[in-house]
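One structure below.
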Amino acid sequence: MLDLTLTNGLVAFLLGTTTCILSTAFYNLYFHPLSKFPGPKLWAAFQFPYLQAMLGGRVPFQIKALHDIHGPIVRTSPNELSIIDPGAWKEIYANKRFIRPPQYLERPPGVEAHSLISAGVADHARFRKAIAPAFSEKAVKLQEPIVTQYIDLLIKKLREKVEESQSKSAVVDVVHWINFATFDIISDLGWGKSFHCLEKQDYDPWMTVILQFKALLIGFSLNYYPILKTLVGYITPASALAGLKLVLDTSKRNVKTRLARKSDRPDMMSYILAHNEFSPSTRMSEEEMIANSMAVIVAGSETLTAALAGTINALLTHAKERKTLVKEIRSCFKDEDEISVQSTKSLLYLTAVLQEGLRLFPPLPDNMHRAVPSGGATIAGHHLPEGIVVGIPCYSTFRSRTNFSRPNEFLPERWLPEHQAEYNDRREAFNPFGLGAHGCLGQQLAWAELRVILARSVWNFDMRVPEGKKQLVWTEQKIFWAWDKEAVDVELSLAAR
Ligand code: HEM
């Protein structure tokens, strides 16, 4: 009797759940406000196909293929549109009322305060006020000696590798080396304490844990399924969170040590402390400094590594472009000391090469999600109701035939004034640093590092694909929010002048 009641109960539950899922899918397909937009039916009906593609590491490529078929607007989930129309940049990101959707605002377990990435509107504005001056053009000028010290060390270590080898050439993985340099720089500027990766020639455990972006995406995905999320929370053993604890403990220690030091060197903490002193009503707490310094250190290292490694990887197979760049760098300066943040700003070809690298291998290739605010909004000519998630994916937008001519080719010249008319690209589609309230806070520092690291590498070394090695096809890598960077092996020899 009991068995029968149990079975009946189970059957009723399964029937009820199935009916609910199917009727929601039916609604999503035929009655939802987004039902008129093109896209795969399964993705429109259910959330899981998009999440599955995201966790498979190929979602930006799949979305690009969908835009190629369906045009500038594609429905990628029941409630979400991907848009590559250049005009949408301003409509979405320049409007302060578009904020990150709640699923993407969560903090990792144990992080006590919000950061720029996870905060609501008011806290976000308060954080930007405190942190933005630390990465202004003026601040980057003051920080140049700190940055240069690490670029000097990078070049010195690589030169030693070449000089010590019998063949007078050395094969190095530039992803590792650039990561070492960019992490050393941003940890010094963030915490006043470097990871010393260049010296150790190794990653710090803090970095190894924090670079697990796939785990972050699993966390975001679970936000769509609250019951599953609660269950996962219960069954996750404490040991699985040990890495996260190490990251948090190290970050706390580094912030506390820096605060105790009372230094006035031009790092981020100095600027935040100055802000706290002059504007006590909008001050940042110590927990907020910890959370924000972690966000800045990740944002300010991985992005640069992807941009530089992707660009160098492309230069290896583009002899003409490489030669033009080498000529510019080696003819504009008489001595390596002349290569600086200021002096590289006017190098048009260097900038064009980097822009083309950012176009083809954007460090944040995925969709930058935003929720349509109350009252709805018109985007790319369509009125969308409140709560719809919209976003521009850099990878699809920068490689779209409707925005750029010969979109998949590495053609730095398209950025030079004398060639612009010939290409007739829709340059307003190109915003690799984003726009508006959440736009990149470290753009000045990014350009300084991009230009000086590439220029000094080209000044010092000739580069080629190592003999017998298969060169990485950049777009065969997976993307878990950021590129899942595989090795880019390069054979370096001292520049032949
Ligand atoms: C090539 C290098 C870089 C690229 C392409 C890049 C790109 C971006 C993009 C597209 C965003 C906006 C994300 C969104 O709207 O959801 C962003 C935000 C951000 N970037 Fe960068 N970035 C780079 C380097 C840096 C550096 C060196 C720093 C160091 C300070 C930095 C710090 C940040 C921070 C803190 C944010 C979050 C801003 C906010 O939410 O208010 N980035 N970046």
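The figures follow:
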item	result
Wholly within the stretch 250-366, helices (runs of 4 or more DSSP H) carrying at least 2 residues that are within 11 Å of the ligand (Cβ to nearest atom) and of a type outside the set (Lys, Arg)	286-299, 302-316, 348-360
Qualifying residues in the stretch 466-492 (those that are surrounded by fewer than 16 Cβ atoms within 10 Å (Cβ to Cβ) and among the small types (Gly, Ala, Ser)) - the one modelled with the highest pLDDT	487
Residue 144 vs. criteria on the phi < 0 side of the Ramachandran plot, part of a helix (DSSP H, G or I) and in contact (Cβ under 8 Å) with a residue 40 or more places away in the chain	yes
Test set (1) surrounded by 18 or more Cβ atoms within 10 Å (Cβ to Cβ); (2) in contact with a Lys or Arg (Cβ under 7 Å, 6 or more places away or on another chain) - residue 294 fails condition number	(2)
Verdict on residue 487 being outside any helix (DSSP H, G or I), more than 15 Å from the ligand (Cβ to nearest atom) and of a type in the set (A, V, I, L, M)	yes
Looking only at the stretch 115-143, and only at residues there that are of a type in the set (D, E, K, R) and out of contact with any His (no Cβ under 6 Å at 6 or more places or on another chain), the one that is surrounded by the most Cβ atoms within 10 Å (Cβ to Cβ)	126
Residue 94 vs. criteria modelled with pLDDT of 90 or more, among the aliphatic types (A, V, I, L, M) and out of contact with any Lys or Arg (no Cβ under 6 Å at 6 or more places or on another chain)	yes
Residue count, the stretch 448-476 (criterion: without any contact (Cβ under 8 Å) to a residue 40 or more places away in the chain and more than 17 Å from residue 168 (Cβ to Cβ))	4
Strands (runs of 3 or more DSSP E) contained entirely in the stretch 377-447, each with at least 3 residues that are within 16 Å of the ligand (Cβ to nearest atom) and under 29 Å from residue 34 (Cα atoms)	389-393
Residues (more than 30 Å from residue 381 (Cβ to Cβ) and surrounded by 12 or more Cβ atoms within 10 Å (Cβ to Cβ)) located in the stretch 1-34	21
Pairs, first of a type in the set (Ser, Thr, Tyr) in the stretch 366-394, second not in a loop (DSSP other than H, G, I, E, B), C-beta under 8 Å, six or more apart	378/91; 378/384
Members of the stretch 442-472 found to be of a type in the set (A, V, I, L, M, F, W, C) and closer than 15 Å to residue 315 by Cβ, listed by number	450, 453, 454, 455, 458, 459, 461, 463, 465, 472
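Residue-by-condition table, conditions (1) in a helix (DSSP H, G or I); (2) within 16 Å of the ligand (Cβ to nearest atom):
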| residue | (1), (2) |
| --- | --- |
| 167 | no, no |
| 171 | no, no |
| 175 | yes, yes |
| 187 | yes, yes |
| 199 | yes, no |
| 203 | no, no |
| 206 | yes, no |
| 214 | yes, no |
| 232 | yes, no |
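Table: residues versus (1) under 30 Å from residue 123 (Cβ atoms); (2) surrounded by 15 or more Cβ atoms within 10 Å (Cβ to Cβ).
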position	(1), (2)
405	no, no
408	no, no
418	no, no
429	no, yes
447	yes, yes
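The values are calculated or read from the model by the stated rules, or taken from the named source; none is laboratory data. On a predicted model such as this, the values are computed, not experimentally measured, just so you know. Note that we place each Cβ from the backbone using ideal geometry, even for glycine, and neighbour counts take in every protein chain shown.
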